[in-house]
Amino acid sequence: ICLYGNHAKDILLKLGYDDKRLFLTGNPKYDYIPKSNFSNSKSKLSKIYPLRGKKLILVGFTRWGKNDEDWIPQLIDFCNKNNYDLIIKIHPIYKILMKEIHENKINLIEKQCVGLNYKITYDIDPTLLLESADLIISDHSNFLIEGILLGKQFVMVNLQNENLDFLKKSLNLPKSNFVSDYAQLENIIIKRFSNSENFKISDESFLKWALNFNFQNDGKSVERILNL
């Protein structure tokens, strides 16, 4: 059984699988990462959506949150004032399900952001968006994991006040590493863009966590599978 990382291995061992059958190979989905090219990706994205700002901030969550229509307009305004491009990636499930929820959120945000520069999409390839981003804002999702594996600047948020004890334990991080209110978010974005070195130590725990989902992260998972 070929596994993407220790996250999968730990689950299967707890279920009673024979350790001799389990092989860590990495996730073929992420084999593109070592060859990812930021400039080329940003150029491709610019042909789909014109990028005018000095930085691109990408927001990506699995689902709409209950208070997204409150803080997202604030973020849009903040990005416009600071000359940042902002793209909000919505899960494509809203194309076929929960359309009313999606349309209601969009309408509430649009009413507060007339004339401002931003894009909300579920069609643009998420990998292209992640490769092009200067900073990613997300929750405990695969979207964030892929961004971390790409070496992107990021902010991990919990604006819905979810119980994340399981994640805090696995990351061994203090509560302060999870941004839980919007006021913190703007300050951290400014700090990250002004001096990314300040965040390297705290980011190491996140990278260790992300590597549980892609063994080695070296672009050779398919090669390891074929060798087996």
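Details
- Solvent exposure of the chain, expressed per residue, is 55 Å² of accessible area, with all protein chains present and a 1.4 angstrom probe.
- Simple point charges give the picture: +1 on the Cβ of Lys and Arg, -1 on the Cβ of Asp and Glu, and for the range 45-162 a dipole about the Cα centre of about 280 debye.
- Backbone amide hydrogens, once placed in the peptide plane, bring ILE137 within less than 5 Å of LEU58, VAL59, GLY60, VAL155, excluding anything fewer than 5 places away on its chain.
- Test item: Cα-centred dipole of the range 13-56, Lys/Arg +1 and Asp/Glu -1 on Cβ, debye: 460
- The charge dipole of the range 1-102, taken about its Cα centre with unit charges on the Cβ atoms of Lys, Arg (+1), Asp and Glu (-1) only, comes to about 440 debye.
- Among the trypsin sites (Lys or Arg not before Pro) found in the range 1-68, those both in a DSSP coil and sparsely packed, with 13 or fewer other Cβ atoms within 10 Å of their Cβ, are ARG52, LYS54, LYS66.
- Exposure check, 1.4 Å probe, all protein chains in place: TRP64 carries approximately 30 Å² of accessible surface.
- For LYS55, the residues 5 or more places off, or on other chains, whose built amide H falls under 5 Å of its own are ASP85.
- Surface share of carbon and sulfur [accessible, 1.4 angstrom probe, percent] for the chain: 50
- Accessible-area ranking of GLU146, GLU100, largest first, probe 1.4 Å: GLU100, GLU146
- Axial C-alpha extent at least 18 Å, average Kyte-Doolittle at least 1.6 - helices from the chain (DSSP): none
- Calculated from backbone phi, Karplus (6.51, -1.76, 1.60) coupling profile of the range 219-224 in Hz, x at Gly/Pro: x, 10, 5, 4, 4, 5
- Prolate/oblate/rounded label for the chain (Cα gyration tensor, a/c 1.5): prolate
The values are calculated or read from the model by the stated rules, or taken from the named source; none is laboratory data. Given the structure is predicted, the values throughout are model-derived calculations rather than measurements. Quick reminder, even Gly has a Cβ in these numbers, built from the backbone with ideal geometry, and neighbours come from all protein chains shown. We work out accessible area using only protein heavy atoms, side chains counted, and drop any ligands, DNA or RNA first. Shrake-Rupley method; radii C 1.70, N 1.55, O 1.52, S 1.80 Å.
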